[in-house]
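*Asks:* Sharing a structure, written as structure tokens. Questions coming.
The values are calculated or read from the model by the stated rules, or taken from the named source; none is laboratory data. Computed from a predicted model, the values in this text were never measured in an experiment. Cβ placement follows ideal geometry from the backbone for every residue including glycine, while neighbour counts extend to all protein chains displayed. The accessibility values were calculated without ligands, DNA or RNA, using every heavy atom of the protein model including side chains. Shrake-Rupley method; radii C 1.70, N 1.55, O 1.52, S 1.80 Å.
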Amino acid sequence: MELYFAPLACSLATRISLYEVGAPAAGARFIQVDTRAKRVADGGDFYAVNPMGQVPVLRTDEGELLTENTAVLQYVADRFPDARLVPEGAMARARLRECLGFIGTELHKAVFVPLLDPKAPDAVKAYARDKSDLRLGVLERHLSGREILLERFSIADAYLVTVLNWTAATGVNLASWPALQAYHTRLLERPAVARAFAEELALYQAARASAPAR
């Protein structure tokens, strides 16, 4: 199994999940991608792997290429069921998909993609910031009195903590949502999350340091 990733991108959620299930010990590999140049670490054309030029991409043990973050996360969870990264029962799994859909569309795409895009006009960024209050408020109410999104740690938590990491780069201050801020702090201390984040932060900083001046 191979994960194509970019440091601190949404593919971090899959690295976290793979660490949770112990997949690296089973031979999982990580292939770094420069998503601006669309090149993999060996210089190959990343568009040949994913025509969208986006991470994550998971190459399964059978050689299948799987794209789209929520599909990759669910595949990893189903591939290693003993880790219980997805809940049991129809309604519980529906709630998981509800969380993944909310994180992917209402936070990742609606709020953080515009804020992280250096080419996005100021008006677009202002629109995204206006959207953030309602969405983060929904999470604040859900997490008040809760440790995690569902009954136990799941791939939805791996995705959410990844997205919340982007607040540092966008100026979104979680102090306005104390339950959400406490959740983020708590999740960053989870061993699999802490390991994955530290490794990718180091890779991100190294890539920034070696990048040509613009």
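*Asks:* Take Asp45 and Ala194, extend 7 Å from each Cα along the Cα→Cβ direction, and tell me the distance between the two endpoints in nm.
*Replies:* 4.4 nm
*Asks:* Can I ask one more? Averaged per residue, what accessible area in Å² does the stretch 70-200 show with a 1.4 Å probe, protein chains only?
*Replies:* Details: 6650 Å² over 131 residues.
Here the residues of the stretch 70-200 average 51 Å² of exposed surface.
*Asks:* Rounded if a/c is under 1.5, else prolate if a/b is larger than b/c, else oblate: which is the chain, with a ≥ b ≥ c the root eigenvalues of its Cα gyration tensor?
*Replies:* Numbers: a/c = 1.63, a/b = 1.07, b/c = 1.52.
Cα axes put the chain in the oblate bin.
*Asks:* Distance in nm between label sites at Ala211 and Arg152, each 7 Å beyond Cα in the beta-carbon direction?
*Replies:* So the two model labels end up 4.0 nm from each other.
*Asks:* State the Cα centre-to-centre distance between the stretch 32-47 and the stretch 122-186 in whole Å.
*Replies:* One Cα centre to the other: 30 Å.
*Asks:* Mind checking which aspartates and glutamates have their C-alpha under 12 Å from Lys131, skipping anything on the same chain fewer than 8 residues away?
*Replies:* Glu106
*Asks:* Follow-up question, since we're still on this one. Quote the relative contact order of the chain in percent (integer), defining contacts as alpha-carbon pairs under 8 Å separated by 6+ residues. Mind dumping the intermediate values first?
*Replies:* Numbers: 252 pairs, mean separation 50.3, N = 214.
Averaging sequence separation for qualifying contacts and normalising by length gives 24 percent for the chain.
*Asks:* Quickly estimate the mean residue ellipticity at 222 nm for the chain, helices only: each DSSP H run with n ≥ 4 gives -39500 (n - 2.57), and the total goes over all residues, rounded to 500. Mind dumping the intermediate values first?
*Replies:* Working: 9 runs with 105 residues, N = 214.
Computed ellipticity for the chain at 222 nm equals -15000 deg cm²/dmol.
*Asks:* Let me ask another. Hey, in the GNM for the chain with a 10 angstrom Cα cutoff, which one of Tyr183, Tyr159, Tyr127 fluctuates hardest?
*Replies:* Result: Tyr127 has the largest fluctuation of those listed.
*Asks:* Here's something else I'd like to know. Using 0.36 nm per residue of separation minus the Cα-Cα distance, give me the extension gain between Ala94 and Ser176 in nm, one decimal. Intermediate results must be reported in sequence, preceding the final value.
*Replies:* Details: separation 82, 0.36 × 82 = 29.52 nm, distance 2.93 nm.
Full-extension gain reported as 26.6 nm.
*Asks:* When a/c reaches 1.5 or more, the comparison of a/b and b/c decides; with that in mind, is the stretch 146-205 rounded, prolate or oblate per its Cα gyration tensor?
*Replies:* Details: a/c = 2.10, a/b = 1.13, b/c = 1.86.
Oblate, because a/c is 1.5 or more while a/b does not exceed b/c.
*Asks:* Which of the peptides 185-196, 104-115 is most tightly packed, and how do the rest follow, judged by the mean count of other Cβ atoms within 10 Å per residue? Please list the in-between numbers first.
*Replies:* Numbers: 185-196: 16.4, 104-115: 18.4.
Packing order, densest peptide first, comes out as 104-115, 185-196.
*Asks:* A further question follows. Indicate the gyration tensor shape class of the stretch 1-115 (rounded, prolate or oblate), computed on the Cα atoms with a ≥ b ≥ c the square roots of the eigenvalues: a/c under 1.5 is rounded; otherwise a/b larger than b/c is prolate and the rest oblate. The partial results should precede the final answer.
*Replies:* Details: a/c = 2.16, a/b = 1.24, b/c = 1.74.
Since a/c reaches 1.5 but b/c is at least a/b, the shape of the stretch 1-115 is classed as oblate.
*Asks:* If I require 20 Å or longer along the helix axis, counting alpha carbons, and a Kyte-Doolittle average no lower than -0.5, what helices from the chain are left? Use full DSSP H segments. Could you put the intermediate results ahead of the total?
*Replies:* Working: long enough: 122-143 (31 Å, -0.55); 191-210 (29 Å, 0.29).
Helices passing the filter in the chain: 191-210.
*Asks:* Given a 1.4 angstrom probe, I'd like the percentage of the accessible area of the chain that is carbon and sulfur, rounded to a whole number. Don't skip to the answer; put the middle values down first.
*Replies:* Values: 5900 of 11070 Å².
Carbon and sulfur atoms account for 53 percent of the accessible area of the chain.
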